[in-house]
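Nothing in this text is a laboratory measurement; each read-out follows from the coordinates by a stated rule. Bear in mind the structure is a predicted one, so any value in this text is a computation, not a measurement. Please note: Cβ atoms are built from the backbone with ideal geometry, for glycine as well, and neighbour counts cover all protein chains shown.
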Amino acid sequence: DAGVIQSPRHEVTEMGQEVTLRCKPISGHNSLFWYRQTMMRGLELLIYFNNNVPIDDSGMPEDRFSAKMPNASFSTLKIQPSEPRDSAVYFCASTRQSNTEAFFGQGTRLTVV
Amino acid sequence: QKEVEQDPGPLSVPEGAIVSLNCTYSNSAFQYFMWYRQYSRKGPELLMYTYSSGNKEDGRFTAQVDKSSKYISLFIRDSQPSDSATYLCAMSGVAGGTSYGKLTFGQGTILTVHP
C-alpha cells in the first residue's frame, strides 16, 4: 500500500494565480480530509468528504478555496486567486469509516509570492 | 481561546530521560484522544489513541486521559534521539465512523533528544 499520495510536493506560485493540489487516498478508505498547517495556527481542518460527498466545509477560509472529490480515488483542493497568506503546508488524510486512525500524506508545501 | 492548548516548547532532553507532553482542552464532547508524531517535512503519523479516560501503554509510550480535568498526557520513557520530532495531540468528538479523521489538533510540541 503506497499510502496517501499528494502532488505536487512543492509549489511556488505568484499571487493571483490558480493553484490546484491533488490527493489520492488509500484504496478502500471512504473518508478524505484536507488540512492546512502553519506555524501560527497549527493543523486546521479545511473540509472533509465521506463517500465522495462533502460533509463539512466550515473550515474553508474563503470562497477562493474549493475542493472536489469526483471519485473515490481522487480529490483536489483549488485556490483561485492565490494570496501570500495562503502559504502553508496542505495535508490530505484518509480513513476507513470504522477506523480511528487517519493516515496523512506527505503534504504539499505551497509558497505564494 | 483555542479548543486544544499545547505548549509548543521547544523541549530538549538528554537521551534516556523521561519526557512528559501535555494538552488541555475545553470541549467536553471530545471522546477520542490521540497523539501524532511528525518528523520534519513529513505528514503526521498516529502514535497512540485512547477512548475516554484512562491509561494506555505501548512499549516506551504511555498515554493518559483525565476527562474530569480535561487534560491528556503522553509519557516517553528512555527517550532516544530517534524520538526527536513534533508531537501533536488531537481529539475527536464523534463516536461514529464518519468523522474519525475530523480532528482538532494542538499546536504541537517540538522535542529534541540529544545523545
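What does the average come to when, for each residue of peptide B:36-46, you count the partner chain Cβ atoms lying within 10 Å of its Cβ? Write out the running numbers ahead of the final one.
Numbers: counts 4, 0, 5, 0, 0, 5, 4, 15, 9, 5, 5.
Per residue, the number of nearby Cβ atoms from other chains is 5 on average.
Gain in length, B:Glu3 to B:Arg41, computed as 0.36 nm per residue apart minus the alpha-carbon separation, to one decimal in nm? Walk me through the intermediate numbers first.
On the way: separation 38, 0.36 × 38 = 13.68 nm, distance 2.57 nm.
Once the chain is fully extended between B:Glu3 and B:Arg41, it gains 11.1 nm.
Can you tell me what share of the DSSP beta bridges in chain B is antiparallel? A percent to the nearest 5 is fine.
Working: 38 of 42 bridges.
Around 90 percent of the beta bridges assigned by DSSP in chain B are antiparallel ones.
What aspartates and glutamates sit close enough to B:Lys56 to cross-link, taking a C-alpha to C-alpha distance under 15 Å and skipping anything fewer than 8 places away on the same chain?
Once the sequence-local aspartates and glutamates are set aside, what remains near B:Lys56 is B:Asp66.
For A:Lys78, go through the aspartates and glutamates and keep the ones whose alpha-carbon is under 15 Å away, minus same-chain ones fewer than eight residues off.
A:Glu11, A:Glu14, A:Glu18, A:Asp57, A:Glu62, A:Asp63, A:Asp86
To the nearest 20 Debye, how big is the dipole of chain B about its Cα centre, given +1 on the beta carbon of each Lys and Arg and -1 on that of each Asp and Glu?
On the way: 10 positive and 10 negative charges, 55 e Å.
Charge dipole, chain B, about its Cα centre: 260 debye, nearest 20.
Considering only DSSP beta bridges whose two residues both sit in the protein assembly as shown, what percent are antiparallel, to the nearest 5? Kindly include the intermediate steps, with their values, before the conclusion.
Working: 74 of 82 bridges.
Expressed as a percentage, antiparallel bridges in the protein assembly as shown total about 90.
Of B:Lys42/B:Lys67; B:Lys70/B:Lys102; B:Lys42/B:Lys70; A:Lys68/B:Lys67, which pairs sit farther than 26 Å apart, going by alpha carbon to alpha carbon? Don't skip to the answer; put the middle values down first.
On the way: B:Lys42/B:Lys67 31 Å; B:Lys70/B:Lys102 19 Å; B:Lys42/B:Lys70 29 Å; A:Lys68/B:Lys67 37 Å.
In this structure, B:Lys42/B:Lys67; B:Lys42/B:Lys70; A:Lys68/B:Lys67 lie more than 26 Å apart at Cα.
Highest mean first, how do B:102-110, A:71-79 rank when packing is the count of other Cβ atoms within 10 Å averaged over residues?
Working: B:102-110: 22.2, A:71-79: 16.9.
My ranking of the peptides, most packed first, is B:102-110, A:71-79.
What's log10 of I(q)/I(0) for segment B:1-71 at q = 0.14, 0.17, 0.18, 0.22 Å⁻¹, Debye sum over Cα points only, no solvent?
Evaluating at q = 0.14, 0.17, 0.18, 0.22 Å⁻¹ gives log10 I(q)/I(0) of -0.51, -0.76, -0.85, -1.21.
Using a/c under 1.5 as the rounded threshold, could you call the protein assembly as shown rounded, prolate or oblate? The axes a ≥ b ≥ c are square roots of the C-alpha gyration tensor eigenvalues, and prolate needs a/b larger than b/c, oblate otherwise.
prolate
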